[in-house]
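Undergrad: If you scroll down you'll find the structure; I have some questions about it.
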There are 2 protein chains.
Amino acid sequence: MHSVAGGVALWRQIADAIRLDIVGGKLANGDRLPTEALLAQRFSANRHTVRRALAVLAEEGVVVAEQGRGTFVRSIRRLSYPIGKRTRFREGLKGQAASLTSVSISDRIENATARVAVALGLKPGAKVVRTEGMSVADGVPISRSTTWLSYRRFPDFASRINQMGSTTLVFGSYGITDYSRASTRISARHADVEEIQSLTLAPGAIVLVSEAVDVDPEGEAISYALSRFPAERMELVV
Amino acid sequence: MHSVAGGVALWRQIADAIRLDIVGGKLANGDRLPTEALLAQRFSANRHTVRRALAVLAEEGVVVAEQGRGTFVRSIRRLSYPIGKRTRFREGLKGQAASLTSVSISDRIENATARVAVALGLKPGAKVVRTEGMSVADGVPISRSTTWLSYRRFPDFASRINQMGSTTLVFGSYGITDYSRASTRISARHADVEEIQSLTLAPGAIVLVSEAVDVDPEGEAISYALSRFPAERMELVV
DNA sequence: CATAGTTGTCTAGTTTATTAGACAAATCGA
DNA sequence: TCGATTTGTCTAATAAACTAGACAACTATG
């Protein structure tokens, strides 16, 4: 009779709550968590259920249990991605991670859906380049993105991004020395199967979804990107 | 063997996925959903499991089933809350809802935590006013927020917000004719128990969390607000 | 009005989630 | 070293989730 639950297992709710205490700053790095008995009391759950939650967190590397001593916070941090008029992914994360690599997973030419066409100011069905990519900071996947661009204007965007790695550089190679963010829509949802795999998330994890349109200095839309960030690893700062 | 699941029941994942198709625009207002048999196939689930997901969506008012005919999208829309330098909650939602009411739930004086103190530029432990509030658009709860302000500067903020209803008005009554947004941090997580109740969410629902600091024209921080928006009803636009 | 297609209901069986209790193993301090 | 505290492991019972199959009820169409 966990009137609260409903399709989400108690152990997962508990794991989420504890993780939140950690990323939210209530529990600092080497802190000892409350004992399993206390946690069980706090969540009105059985100790075994709490143990399952802790096991998940241990597997994620968020906590470490030591028999006889207790369970300890192991470290976790969230990267902050600043969003503004001049949003640059790599620059924005500079200094927050030792390594930051972006890889292009796949690309193809397709016809613009209504949504993509509106965003890019094209006719529905117009040819667009679609590239799938992801970024990894210090070995941890932090974003998974899908980008659409006009095929007419950027016919070989895909091959260039493969070589150069950075969107800013590729735009430069097309003569666009500067560009800016026209709009960003932010929403959130559960990660889907593909995202759970590619971002190495626990099933049921939450992703922040940003839907961004970049424009050149003339105000012409040049790219429409749909990026997914694991909410437990990233936050967006406006 | 739903190797994908993990703490989140299949019926809930299916309900979430279908709801996403609807709010995401893949399914329009009066559209007929695929048959239960097809959905079962698509999600590799039993028809009964799909039926449970549809039952949830029907209870939410998102779909309506009609025996012999099919199941239909009933309507759903997401409000867009624009965030910028001059962010005003009520103005931002103008035109998107027929009615918009904000209520103050409770308030109290407390000592600033480290986080609150930093945000407001106060000494840790300084006296702050804390108010809990929520907003309802067309009868549907769309936000639940906690706001902290310096007690020294706004000693009876609480009673004024109760009378006036709008933050902008209360600031005006303190002689602050204009104010602007210094920063907004956006993250996402599962709704907690209190939020599920106050926002009338389904258990396991996702909330967008915005952490905002407003400043007066002199650049002095005047308020620190932590707002939670149901991700299924709201999106944030930068 | 017969038929194909769709949602609604019922029974039954398996797997997963949760609770419950007992005890072992490790740690720490008196 | 003893005893209290804490995590680790095992068994067992109940509730919720999921699958399976069959058939009823309703709708639209030719």
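Undergrad: Would you tally the residues in the range B:53-102 being within 11 Å of DNA strand C (Cβ to nearest atom), surrounded by fewer than 18 Cβ atoms within 10 Å (Cβ to Cβ) and either in the same structural domain as B:THR147 (by TED's automatic domain parsing) or not β-branched (Val, Ile, Thr) (or both)?
TA: Residues that pass the stated criteria total 9.
Undergrad: In addition: Within the range A:35-49, identify whether any single residue is surrounded by fewer than 18 Cβ atoms within 10 Å (Cβ to Cβ) and within 14 Å of chain B (Cβ to nearest Cβ), and answer yes or no.
TA: Yes, because at least one residue in the range A:35-49 is surrounded by fewer than 18 Cβ atoms within 10 Å (Cβ to Cβ) and within 14 Å of chain B (Cβ to nearest Cβ).
Undergrad: Looking only at the range A:198-225, filter to residues that are aliphatic (A, V, I, L, M) and touching a Gly at 6+ places or on another chain (Cβ under 7 Å); which one of those is farthest from A:ALA182 (Cα to Cα)?
TA: Looking at the filtered set, the residue picked out is A:ALA202.
Undergrad: Of everything in the range A:205-215, what is open to solvent by less than 10 Å² (accessible area, probe 1.4 Å) and either modelled with pLDDT under 90 or away from chain B (no Cβ under 14 Å) (or both)? Give them in sequence order.
TA: Residue satisfying the conditions is A:ALA205 alone.
Undergrad: It is to be established whether one or more residues within the range A:11-34 are within 14 Å of DNA strand D (Cβ to nearest atom), under 26 Å from B:SER210 (Cα atoms), of a type in the set (Lys, Arg) and touching a residue at least 40 places away in the same chain (Cβ under 8 Å).
TA: Checked the range A:11-34: at least one residue is within 14 Å of DNA strand D (Cβ to nearest atom), under 26 Å from B:SER210 (Cα atoms), of a type in the set (Lys, Arg) and touching a residue at least 40 places away in the same chain (Cβ under 8 Å).
Undergrad: Do we have A:VAL64 as over 22 Å from the mean Cα position of the chain (by Cα) and modelled with pLDDT under 85 here?
TA: no
Undergrad: Looking at (1) more than 14 Å from every other protein chain (Cβ to nearest Cβ); (2) farther than 22 Å from A:LEU93 by Cα; (3) charged (D, E, K, R); (4) not in a loop (DSSP other than H, G, I, E, B), can you tell me which one A:GLU194 breaks?
TA: Going through the list (1) more than 14 Å from every other protein chain (Cβ to nearest Cβ); (2) farther than 22 Å from A:LEU93 by Cα; (3) charged (D, E, K, R); (4) not in a loop (DSSP other than H, G, I, E, B), A:GLU194 breaks only (1).
Undergrad: Here's a follow-up. Output the residue which, of all residues in the range A:163-191 that are among the hydroxyl-bearing types (Ser, Thr, Tyr), within 23 Å of A:ARG78 (Cα to Cα) and within 14 Å of chain B (Cβ to nearest Cβ), is surrounded by the fewest Cβ atoms within 10 Å (Cβ to Cβ).
TA: A:THR184
A quick yes/no check of all residues on (1) in contact (Cβ under 8 Å) with a residue 12 or more places away in the chain; (2) within 24 Å of B:ALA205 (Cβ to Cβ); (3) surrounded by 19 or more Cβ atoms within 10 Å (Cβ to Cβ):
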| site | (1), (2), (3) |
| --- | --- |
| B:THR113 | no, no, no |
| B:VAL116 | yes, no, yes |
| B:LYS123 | no, no, no |
| B:ALA126 | yes, no, no |
| B:SER135 | yes, yes, yes |
| B:ILE142 | yes, yes, yes |
| B:ARG153 | yes, no, no |
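Undergrad: Could you tell me whether B:VAL118 is within 15 Å of DNA strand D (Cβ to nearest atom) and either within 13 Å of chain A (Cβ to nearest Cβ) or assigned to a helix (DSSP H, G or I) (or both)?
TA: Answer is no for this residue.
Undergrad: Taking the range A:59-88 as the search range and keeping residues that are within 14 Å of another protein chain (Cβ to nearest Cβ) and in a strand (DSSP E or B), which one is farthest from A:LEU27 (Cα to Cα)?
TA: Restricting to residues being within 14 Å of another protein chain (Cβ to nearest Cβ) and in a strand (DSSP E or B), the top hit is A:PRO82.
Undergrad: Return only the number of the condition from (1) within 12 Å of DNA strand D (Cβ to nearest atom); (2) assigned to a helix (DSSP H, G or I) that A:VAL56 does not satisfy.
TA: (1)
The values are calculated or read from the model by the stated rules, or taken from the named source; none is laboratory data. Worth saying up front: this structure is predicted, and the values here are computed from it rather than measured. We place every Cβ from the backbone using ideal geometry, glycine too, and count neighbours over all the protein chains shown. These accessible areas exclude ligands, DNA and RNA; they are computed on the full protein's heavy atoms, side chains included. Shrake-Rupley method; radii C 1.70, N 1.55, O 1.52, S 1.80 Å.
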